[in-house]
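The values are calculated or read from the model by the stated rules, or taken from the named source; none is laboratory data. Predicted, not measured: the structure shown is a model, and the values here were computed from it. Note: ideal-geometry Cβ built from the backbone for every residue, glycine included; neighbour counts use all protein chains shown. These area figures cover heavy atoms from the full protein model, side chains too; ligands, DNA and RNA do not enter into them. Shrake-Rupley method; radii C 1.70, N 1.55, O 1.52, S 1.80 Å.
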Amino acid sequence: MLGKPIAHSLSPVIHNAGYAAAGLTDWSYTAIECAEAELPDRLAACGPEWAGFSVTMPLKEAALAVAGAASKVAVAVGAANTLVRRPDGWYADNTDVPGMVEVLRGARVAPAPAVTVLGAGGTARAALAAAAELGAPTVTVV
């Protein structure tokens, strides 16, 4: 996981527990502090053992910019929260949008009522895309 600041994140604990539960004993998930200016060099220095990265603030826009290719969702939102190594380079994706949609549909909040989004960063833009996909008739951004 790449971002700055990152030390507070519980993602390594959650992901490593999931890997252990799935029997993926040779997998690991770690938090790496990385600023925007450091991202290109960080990715270039990764050996083949690096399958990918979760990306958090402030790198969501930068991850999209440094990737060789990107999903339609990441391009539409203008932010990526996932970088996956492919033979031809890094691929950027945004799993926030489908994740939000799935959780809200699972909670039977679809079609969405009026939605309020706090913020204007990459995750907020993903929330706007999810609201649109869920058919929210009104969206307020604060």
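Can you confirm whether segment 108-123 contains a residue that is part of a helix (DSSP H, G or I) and more than 30 Å from Ala45 (Cβ to Cβ)?
Start the filter on segment 108-123 by keeping residues that are part of a helix (DSSP H, G or I), which leaves 122-123.
Retained after the next criterion (residues that are more than 30 Å from Ala45 (Cβ to Cβ)): none.
Looking for residues that are part of a helix (DSSP H, G or I) and more than 30 Å from Ala45 (Cβ to Cβ), one finds none in segment 108-123, hence no.
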Counting just the residues of segment 1-13 that are surrounded by 11 or more Cβ atoms within 10 Å (Cβ to Cβ) and either of a type outside the set (A, V, I, L, M, F, W, C) or out of contact with any strand residue (DSSP E or B) (no Cβ under 6 Å at 6 or more places or on another chain) (or both), which one comes out nearest to Ala92 (Cα to Cα)? Gly3
Kindly list, by first and then second residue, each pair from a residue in segment 17-33 that is touching a residue at least 24 places away in the same chain (Cβ under 8 Å) to a residue that is open to solvent by 70 Å² or more (accessible area, probe 1.4 Å) and in a helix (DSSP H, G or I), limited to pairs with Cβ atoms under 8 Å and residues at least 6 apart or on different chains. Ile32/Arg42
Any residue at all in segment 32-55 that's touching a Gly at 6+ places or on another chain (Cβ under 9 Å) and within 22 Å of Val101 (Cα to Cα)? yes
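Yes/no per residue for (1) surrounded by 16 or more Cβ atoms within 10 Å (Cβ to Cβ); (2) at pLDDT 95 or above; (3) not aromatic (Phe, Trp, Tyr):
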{"site": "Ala31", "(1), (2), (3)": "yes, yes, yes"}
{"site": "Gly68", "(1), (2), (3)": "no, yes, yes"}
{"site": "Ala74", "(1), (2), (3)": "yes, yes, yes"}
{"site": "Ala80", "(1), (2), (3)": "yes, yes, yes"}
{"site": "Arg105", "(1), (2), (3)": "no, no, yes"}
{"site": "Thr138", "(1), (2), (3)": "no, no, yes"}
Looking at segment 48-60, can you tell me whether even one residue there is over 24 Å from Ile14 (Cβ atoms) and surrounded by fewer than 18 Cβ atoms within 10 Å (Cβ to Cβ)? yes
Would you check if there is a residue in segment 70-80 being in contact (Cβ under 8 Å) with a residue 12 or more places away in the chain, out of contact with any strand residue (DSSP E or B) (no Cβ under 6 Å at 6 or more places or on another chain) and more than 23 Å from Lys4 (Cα to Cα)? yes
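Condition first: of a type in the set (S, T, N, Q) and not in a loop (DSSP other than H, G, I, E, B). Now tell me which residues in segment 12-30 satisfy that.
Of all residues in segment 12-30, those of a type in the set (S, T, N, Q) come to 16, 25, 28, 30.
Across segment 12-30, the qualifying residue is only Asn16.
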Mind listing whichever residues of segment 57-83 are assigned to a loop (DSSP other than H, G, I, E, B), under 18 Å from Met100 (Cα atoms) and out of contact with any helix residue (DSSP H, G or I) (no Cβ under 8 Å at 6 or more places or on another chain)? Ser71
